[in-house]
Each structure stands twice: as C-alpha cells, then as structure tokens.
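Colleague: If you scroll down you'll find the structure; I have some questions about it.
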Amino acid sequence: MSDETQLKIGKLSQELASLREQRDSFKKDAKQWAEKRDVVHKQLRDLRLEATNTRERRDAVNSKVKALKTQRDRNRALIREKNGEIRQLQEKLKLLAGKKPNQAASILRREKERIEWEIQTTSLTLQEEKPLVEKADQLRVQLNIYQKLDDAKEKLTKLQNKIKIMDEEAKSLHTQLSELAQLSQELHNKMIETINKAKTLQTEADNHHLIFLQNKQKSQKIHREYTEVEKKVKTLKKELAETEEKEKMLQQQEARKKFKAKVLKKLKQGKKLTLEEFKLLEGEETI
C-alpha cells in the first residue's frame, strides 16, 4: 500500500512539475503580451494627444479664415459701395462737363474780380450798376460749375485711391485666406492620418489584450488543475504518513511483545533482569 501510494505521489509530482511549467509559461507569455499592449496604449495616448492638438490648431486656423472671410466680404461690400459713388460722380462730371463754360476758369475769375472791383470803386447809377451785377452773377455761376467740377474730380480721385488701397487689402486678404485654407487642409489631413494610425494601433492593442487574456485564462485554468493535483498529493502524503505511523506503531508493538516474551522467559529461568527489563515488566503490570 505504501509503495503504491509513493508511486502515485511520484506520478502526481511529475504532473505538478509539468503543470507548473505550463502555468508559468502562460503567465510569462501573458505578461509579455500585456507589456506589448501597454506600449501600444502609450503610443495611442500620444497619437490621440497629437490628434487633439492638431484639431485645435486646425480649428484656430478655421476661426481666422472665418474672420478674414467676414473682413473680405465687408471689404467687397465697401468696394461695391464706393464704386457706386464713383459711377454717380462720373455721371455728375458728365453733366457738369456739358455745362462747362467756353472760357477758362482763370479768365472768368479775373473778369469777375475786375467787375466787382469796378462796382466797388466806381460811382455808378443803379441803371449802370445793374448789368455789371448781372454779369458778375453769371460769372459766379460759371465759376461755381468749375468749382463743382474740381470738387467732384477731387472726390473721385480720393475714392479711386481708396478703392486702390482696398483692392490691395483685398489681394492681401485673398493671399492670407489661400495660405490659411491650405494650412487648414494640411492640418485636417494630418489629423485624419493620425486618427487612422490610432485606429490601426487600437486594433493592434485589442489583439494584444485578447492574447493576453487567452494566456491568462490558460494560466488560471492550469493553476486550478495544479491546485487540485497539489491537494491530491497532500492528501496522499498525509495518508502515507498516517500509514507509516501505524506501521511504525505496529512494529514497535511487535518488538515490545517479542522483548516482553523474552524477558518473561528469562524471568522463568530465574535469570537476573536488567533495569530496562524490569521497568518493562513493571510498566506492563501498571497498565
């Protein structure tokens, strides 16, 4: 029985060693896959942060684009308004040009000043003064046409210069918008590329995690088997120890019985007993 139990324990111990090796191998593999997964997760966090930063930069650029478009539209509306004013001035200049006197403004001004000086410095009757006053008024009306022409031309020049400046500003806005729109598209493409990389890495991380779980589950399953076999070994060892203890006790009892028989025989033969033999007999009688 003892030998059979020893044989069972030996076989189970070999099984334990094999299970331990398998369990530790799966645990090691699980740890390695977990480390790979964690490395990919770190890369994922970095990519997601990069995508977020890129999105924020793109959105900031888009905000500038929106503001510049608003400014451009306002500029275009103002240019249309000024062009309308220019057309009105051009029409006004055409009308004034049709009323333009034949004589130059300088000649008309000198003639007007001469008549006004004559009226102021010469004693004239009302009848004599009246045609001069009328002539001066006519000259004033003619000079007023020249003044209106000059004012309209000056205003037209100012408007044209302003539109020229606004056109330059519009070109600058268009250049800025084109550059920013290109930058926005580049940032958007970069963000999409980063997101796609993150998706690929997420799949990789998920696969690593799946393999990690599979190895962990295998390790746990084998550990449960190991625990069961270990319990069996402990039970068998306990049974073996108890059996050996019983056998030892039986052997001791048998040896004692034989020794006692020997002592009793010696006693019957009238031989002298040793102290140990005497204690044995004394102990048996007490019992």
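Colleague: Can you pull out every residue in the range 36-59 that is under 30 Å from residue 181 (Cα atoms) and without any contact (Cβ under 8 Å) to a residue 60 or more places away in the chain?
Modeller: Correct list: 45, 46, 49, 52, 53, 56, 59.
Colleague: Moving on to the next point. Mind checking whether some residue in the range 235-250 is closer than 20 Å to residue 4 by Cα, exposed (fewer than 15 other Cβ atoms within 10 Å of the Cβ) and under 60 Å from the mean Cα position of the chain (by Cα)?
Modeller: yes
Colleague: Let me ask another. Could you check, for the range 260-267, whether at least one of its residues is out of contact with any Gly (no Cβ under 8 Å at 6 or more places or on another chain), at pLDDT below 80 and over 30 Å from residue 7 (Cβ atoms)?
Modeller: Taking every residue of the range 260-267 in turn, at least one turns out to be out of contact with any Gly (no Cβ under 8 Å at 6 or more places or on another chain), at pLDDT below 80 and over 30 Å from residue 7 (Cβ atoms).
Colleague: Say we look at the range 2-30 and pick out the residues that are hydrophobic (A, V, I, L, M, F, W, C) and surrounded by fewer than 16 Cβ atoms within 10 Å (Cβ to Cβ); which of these is farthest from residue 237 (Cα to Cα)? Spell out how you get there, then give the answer.
Modeller: The initial filter retains those residues of the range 2-30 that are hydrophobic (A, V, I, L, M, F, W, C), namely 7, 9, 12, 16-17, 19, 26, 30.
This time we only want the ones that are surrounded by fewer than 16 Cβ atoms within 10 Å (Cβ to Cβ), so: 7, 17.
Working: 7: 11, 17: 17 Å.
Per the stated criteria, the residue is 17.
Colleague: Can residue 156 be described as surrounded by 14 or more Cβ atoms within 10 Å (Cβ to Cβ), touching a residue at least 24 places away in the same chain (Cβ under 8 Å) and in a helix (DSSP H, G or I)? Talk me through it step by step, then tell me what you get.
Modeller: Numbers: surrounded by 14 or more Cβ atoms within 10 Å (Cβ to Cβ): yes; touching a residue at least 24 places away in the same chain (Cβ under 8 Å): yes; in a helix (DSSP H, G or I): yes.
Criteria met by residue 156.
Colleague: With within 30 Å of residue 148 (Cβ to Cβ) and either in a loop (DSSP other than H, G, I, E, B) or at pLDDT below 95 (or both) as the only criterion, which of 89, 68 stands out? Give the derivation first.
Modeller: Values: 68 fails: within 30 Å of residue 148 (Cβ to Cβ).
Only one candidate qualifies: 89.
For every residue, the table says whether it meets (1) of a type in the set (Gly, Ala, Ser); (2) surrounded by 15 or more Cβ atoms within 10 Å (Cβ to Cβ); (3) more than 30 Å from residue 138 (Cα to Cα).
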{"site": "49", "(1), (2), (3)": "no, no, yes"}
{"site": "57", "(1), (2), (3)": "no, yes, yes"}
{"site": "62", "(1), (2), (3)": "no, yes, yes"}
{"site": "72", "(1), (2), (3)": "no, yes, yes"}
{"site": "101", "(1), (2), (3)": "no, yes, no"}
{"site": "106", "(1), (2), (3)": "yes, no, no"}
{"site": "114", "(1), (2), (3)": "no, no, no"}
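The values are calculated or read from the model by the stated rules, or taken from the named source; none is laboratory data. Everything numeric here is computed off the predicted structure, so don't read it as measured data. Backbone-built Cβ (ideal geometry, glycine too); neighbour counts: all protein chains shown.
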